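Working notes for the structure below.
Nothing in this text is a laboratory measurement; each read-out follows from the coordinates by a stated rule. On a predicted model such as this, the values are computed, not experimentally measured, just so you know. Positions of Cβ are backbone-derived with ideal geometry, glycine not excepted, and every protein chain shown enters the neighbour counts.
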Amino acid sequence: MRHTLEQTLTEALQSSGIDLHGEPLSFHAPNQSDHGDYATAIAFRLAKVLKQAPAQIAEHFIQALQPAMASQATLSQINGFINITLHPSARLMQIATPANYPIKPRRILLEFVSANPTGPLHIGHGRWAVLGSCLAHLLRAVGHTVTTENYINDAGNQIELFIASIVAAKAGNPIPDNGYHGDYIYTIAHCDEDPVTHMLDQHASDLSAIGTHFDHWFREHTLHTGDTLSDALAHIKAHCYTQDSAVWFKSTAFGDDKDRVLVKSDGSLTYFAVDIAYHWNKIQRHYDQLINIWGADHHGYVPRVSAAVQALQNGHSPTELTVIIGQLVSLVRNGEPVRMSKRSGDMIYFRDVIDDIGPDATRFFLIYKSSDSPIELDLNLANQKTAENPIFYIQYAHARICQLLLKVGVPPDVDITQIADAYTDADRPLLQCLMHYPDTLLDAANAYEPHQLANYSLELARHFHRFYETNPVLTSTGIQKAYRLWVIAQVQRTLQTVLGILGISAPTRM
């Protein structure tokens, strides 16, 4: 609806001879529901160039716009904003109309989790698992093609230390000081399976328990066995130089703060050189966009990888690179920080959290905040079966509707222009929330922010519960009953869709 409004009203202004001076006529949902369904601040942006007060500009624009919207909405000026309030039938029609997202579809490779197979997944890995899978669902929902990938660091010094730790434990010898010392090392030592394979199987099991699956598991060792490494280094050679018997990449030419070593003076490759080869492999697969989700400890790594991707493409970037950096997760129980896992003594295992609060609560509490904000996950709250627990509150809204529809039956097709007569202003917040869902979905996809949908689901549940308490269905009749059932059915459909994108179940009974 927002995109349609922007197109329709821009054309209306242009046909009236009004010059927008290059400013886009963009709309947003007002903070207050009684200020209409959509608003634009165009008058403020034009005040300086037109040398008029925003309120005066807004009134002038409304005179030009109202004829184009007369059958659908009323326009008003509030403190310089142009506000649009749809007629009830138009609002219901927008809710019922399938969305058509104005995007240019892209082929996207989304890499996330990518944990070393040297130990179990911890809660930080879990956050990226949830974020990545939600983002993949979200981008697909608006029309992009997304391939998900988990990069496995199964080569190099850390793997050698991991194997050495297993060998020592198996032989009953002390584990090297710089090795791995968790209890899981002794568990693996009693298995005949390859340690790396064993750990990858555990990773896959933990991720499956949270509803996260990958299209590809890319193993680093394949870069060392083929020609990818040599090809990547040859391709980037023009941007390299030799100093102190080492090969350096001139990453400062592409915005990095200093140049980076690719080949050490002893001839060994740096981890960055291998990472360049991995991104060269990605580029060779001809995606429009590469998205990497990394932890906060990789923040300083972004400029050098961005520089490498540009250099690999000869300074051009037909394949766009986007890196999402996430913050840490802490756990709280009974108001106190949970500092150690009951099993390892040195880390919080992701599987412990899933087993404690369940996959739905785990996913919600790991996705409801922006990736650049730390999360404090309250295990007590996540286990509560009360309205204070947001995921319980959301799922209860869906189950409540399902039980009601089971009792009275799914509403048949209705004439929206007729049931709109039963609308009251008290219903406006819920209907606006429903109507704004496609815009919220598109905004979340464009910003790579699935947390917007998590917060939307909570807002929709709150509006529904209020509507349900003040609009009894079983005792209503005629058009009023048809209207209320129709609205509730739209809430159920939208909640089910949103929860599906978030990878959370939509129970029919609780």
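Against the empirical curve 2.2 N^0.38 Å, the C-alpha radius of gyration of the chain lands at a ratio of 1.17. Which of rounded, prolate or oblate describes segment 2-86 when judged by the alpha-carbon gyration tensor and an a/c cut-off of 1.5? Cα axes put segment 2-86 in the oblate bin. Amide H contacts of Glu320: Gln289, Leu290, each under 5 Å away and 5 or more positions distant or on a separate chain (H built 1.01 Å from N in the peptide plane; Pro and chain starts excluded). Counted over segment 373-421 with a bin width of 10 Å, the fraction of Cα pairs per bin, in whole percents, is 21, 27, 26, 16, 10.
Kirkwood's formula applied to the C-alpha pairs of segment 212-258 gives a hydrodynamic radius of 13.2 angstrom.
Rounded to the nearest 5, what % of the DSSP beta bridges within the chain are antiparallel ones?
50 percent
Entry note: segment 37-143 has Rg to Rh equal to 1.24, where both radii use alpha-carbon atoms and Rh is the Kirkwood radius. Based on alpha carbons, the Rg and Dmax found for segment 191-289 are 17.3, 50 Å. What is the distance in Å between the Cα centres of segment 368-423 and segment 456-510? Distance between centres, Cα-based: 6 Å.
If you take the Cα centroid of segment 124-146 and the Cα centroid of segment 224-296, the two points sit 27 Å apart.
State the dimensionless ratio Rg/Rh of segment 391-502 (Rg: radius of gyration of Cα atoms; Rh: Kirkwood radius). Here the Rg-to-Rh quotient is 0.98. Taken along the Cα-to-beta-carbon direction at a fixed 7 Å, the label points for Tyr301 and Met510 span 3.8 nm. Exposed loop sites here are GluC sites (Glu not before Pro) assigned a DSSP state other than H, G, I, E or B and surrounded by at most 14 other beta carbons within 10 Å; excluding them, the longest clear run of the chain is 194-387. Under Stokes-Einstein, with the Kirkwood radius over Cα pairs as Rh, the value for segment 252-327 at 25 °C and 0.890 mPa s is 187 µm²/s. Around the amide H of Ile152, modelled in the peptide plane, lie the amide H atoms of Phe218, Arg219, Glu220, all under 5 Å away and 5 or more residues distant in sequence or on another chain. For the residue pairs Lys250/Lys282; Lys104/Lys237; Lys369/Lys407; Lys170/Lys264; Lys104/Lys258, the alpha carbons lie more than 29 Å apart in Lys104/Lys237; Lys369/Lys407; Lys170/Lys264; Lys104/Lys258.
When each full DSSP H helix of the chain is screened for a Cα extent of at least 30 Å along its own axis and an average Kyte-Doolittle hydropathy of at least -0.5, the helices passing are 478-502.
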